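Asker: This is the structure, below, for whatever I ask next.
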Amino acid sequence: MSNTAFLDKHVPSVHVPDAFVLKEPLGKGKYAEVFKVQRKSDQKFFALKQIGKSKLLLDSDFDFRQLAHEIIISKHLEHPGCVKCHEVFQDNTNVYLLLELVDGGDLLSIIKDRRDDLTESAIIHISTQILETLKYLHHDQGIAHRDLKPENLLCTGGDLEQVQVKFTDFGYAKFFARMEDISPSLVNKLQSPGLLSRTTSGLASPGGVPQSPSVVLNTPKGTMRYLAPEIIQHYIKHGQKPRYTTRPEIQKVDIYAIGVVVYMMLCGSFPYKGETGVQINDSMQKKKKLCFRAGVSKAAKNFCRSLTSKNPAERPLAIQALKYEWLTPPTPSGSPFIRTGERTFEDALEELELELEELEDLRQLDSDEDRDLAEEAHVADGGADADGVEVIPRRALPTGLQLNVPKRNHKGKKPRKPTA
């Protein structure tokens, strides 16, 4: 089957300017752009995802079955936590997905711009919704998203304790359910573009390679900072080579990503340093446990550490995570960044560990100029990391919790003792 055979057979042609009025751009990715549009026939507003065919054809790493996968999954899903796909059509240059318009922006913009509104009770509300949707995908549909991050979690506007969170961008999504657990109509849709083939043992990967009922052939996909440790380590050693994984394990890759998202909501930064797989893996190996900003409740810390455990066997499934103490009432109130009462000794130690990590980062920078810039951005003013997520400014430890720590000069080095 040719690259575009699925599109030619299943996706109708539409002259977009005849049917829609373009209003404004909403976002842009590697292959696609998203616009707010108004349908002329009924004046309703939608988000129109425009995927350039030429970009896909020129990219040797892109498999058109991936696009077929996204189209079929997007059309198939029916859940309030998933952005609804109303129509799919094409013209000579683009493929279009007509999507539900979600007017509150993505979760990353909320983390950056509405930090004061992001109370722990609001984070509990958002986290519960995310896990309910993940439960639907994993347990009801047998689908792993594989690219969960704040940019792919859209929110309705208004009070963050009432907001509706919706998953979007199913370009990397993968079925991991057994063949007998998928509805016959969906199996037929997936077989048409060669995404599945019937075997006695269960699902098959693209190309018809059989998979057993207990394992799934999984290619590393996603955004590096949200990838689980086992995926990063496989990627470092083997690149994009597929790996066999159990069905619970593929679910727990999504769970890890949600743990990173929750940490970002609680602390305003990523849990580990680095941008490349090697850098992030090194940071993971150095840290014995995640540290949090002062004011984060113990239940929230336990929840987040469980979801981001380095051992996938220790991570809960979505249905198990929903039963954790932190997600059940009564919920704590107030900002996760400023505790209304006194901080505990544990808070002080964790803040100290974070501060020492930042000082160590400064010490390792190559030039005095880089040190000064980094110190100004990350210590004095909070600054922002490489992805634009603001880092919460460091606050002094309260009197009585100060610990004896060797002071460092502005270059991140311990001061020398005076000589006689």
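Asker: Could you tell me the convex hull volume per residue, in Å³, taken over the Cα atoms of segment 16-99? All intermediate terms of the calculation are to be shown ahead of the outcome.
Answerer: On the way: hull volume 8.6 nm³, N = 84.
Cα-based convex hull of segment 16-99, divided per residue, equals 102 Å³.
Asker: Going by average Cβ density within 10 Å per residue, which order do the peptides 152-163, 252-263 take, highest to lowest? Write down the numbers at each step before the final one.
Answerer: Values: 152-163: 17.1, 252-263: 24.8.
Final packing ranking: 252-263, 152-163.
Asker: Which order, highest average first, do 300-308, 167-175 follow once you tally other Cβ atoms within 10 Å for each residue and take the mean per peptide?
Answerer: Numbers: 300-308: 20.7, 167-175: 22.8.
Sorting 300-308, 167-175 by mean packing, highest first, produces 167-175, 300-308.
Asker: Give me the one-decimal nm value for the distance between modelled label points at residue 113 and residue 45, 7 Å along each residue's Cα-to-Cβ direction.
Answerer: 1.4 nm
Asker: Order these peptides, 23-31, 73-81, 124-132, by their mean beta-carbon neighbour count within 10 angstrom, highest first.
Answerer: Working: 23-31: 12.9, 73-81: 17.4, 124-132: 21.4.
With the highest mean Cβ count within 10 Å placed first, the list reads 124-132, 73-81, 23-31.
Asker: What residue among 32, 68, 83 has its Cα farthest toward the positive end of the dipole of segment 16-99, where the charges are +1 on Lys, Arg and -1 on Asp, Glu, each on the Cβ?
Answerer: Most positive-ward Cα: 83.
Asker: Tell me, what is the FRET efficiency for residue 15 and residue 298 to the nearest 0.05, using R0 = 45 angstrom and their Cβ-Cβ distance as r?
Answerer: Details: r = 58 Å, r/R0 = 1.30.
After rounding, the FRET efficiency stands at 0.15.
Asker: OK, next. Spin-label point model (7 Å from Cα, Cβ direction): what's the residue 159 to residue 224 distance in nm?
Answerer: With each label point 7 Å from Cα toward Cβ, the separation is 4.2 nm.
Asker: Based on the Cβ-Cβ distance from residue 288 to residue 323, what FRET efficiency comes out when R0 is 30 Å, to the nearest 0.05? Walk me through the intermediate numbers first.
Answerer: Details: r = 27 Å, r/R0 = 0.89.
With a Förster radius of 30 Å, E is 0.65.
Asker: Can I ask one more? If you place +1 on the Cβ of every Lys and Arg and -1 on the Cβ of every Asp and Glu, how big does the dipole about the Cα centre of segment 16-99 come out, in debye to the nearest 20?
Answerer: Dipole about the Cα centre, nearest 20: 220 debye.
Asker: Taking the alpha-carbon distance from residue 166 and a cut-off under 20 Å, which lysines remain once sequence neighbours fewer than 8 residues away in the same chain are dropped?
Answerer: Leaving aside lysines fewer than 8 places away in the same chain, those within reach of residue 166 are 28, 36, 44, 49, 75, 84, 112, 135, 149, 174, 252.
Asker: Can I ask one more? Using only alpha carbon pairs under 8 Å that are at least six residues apart, calculate the relative contact order of segment 16-99 and give it in whole percent. Could you put the intermediate results ahead of the total?
Answerer: On the way: 125 pairs, mean separation 20.2, N = 84.
Over segment 16-99, the number comes to 24 percent.
Asker: For the pair residue 38 and residue 91, how long in nm is the line joining their label points, each one 7 Å along Cα→Cβ?
Answerer: Here the answer is 1.9 nm between the modelled labels.
Quick note: the coordinates plus some simple rules give every number you see, no bench work behind them. Remember, it's a predicted structure, so these values are computed and weren't measured experimentally. All Cβ positions, even for glycine, are placed from backbone atoms using ideal geometry, and neighbour counts span all protein chains on display.
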